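Notes to accompany the following structure.
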Amino acid sequence: VNEEGSAAASTAVVIAGRSLNPNRVTFKANRPFLVFIREVPLNTIIFMGRVANPCVK
C-alpha cells in the first residue's frame with residue numbers, strides 16, 4: 001500500500017463515520033498522534049495509522 005492508497009482509504013472511513021453519527025465530536029490536533037479503529041466485541045484493531053504532522057495540509 002502506498003501513501004495515496006492509505007489516504008484514500010482513511011478519507012472514506014471518516015466520511016462514512018460522519019454520515020452515521022449525528023452527534024459528532026470535533027477533534028483538533030496540534031501534535032503527532034496515532035489513530036486506531038477497533039472492533040469492540042473481539043477487541044481487534046481493524047485499522048491503525050500515524051499522523052506525523054497534522055499542521056500540514
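The values are calculated or read from the model by the stated rules, or taken from the named source; none is laboratory data. Because the structure is predicted, anything quoted here is derived from the model rather than measured. All Cβ positions, glycine included, derive from the backbone under ideal geometry; neighbour counts span all protein chains shown.
Within segment 29-51, can one find any residue that is of a type in the set (Val, Ile, Thr) and modelled with pLDDT under 80? The answer is no, given that none of the residues of segment 29-51 is of a type in the set (Val, Ile, Thr) and modelled with pLDDT under 80. Which numbered condition trips up Arg24, out of (1) at pLDDT below 90; (2) of a type in the set (Lys, Arg); (3) in contact with a strand residue (DSSP E or B) (Cβ under 7 Å, 6 or more places away or on another chain)? Condition not satisfied by Arg24: (3).
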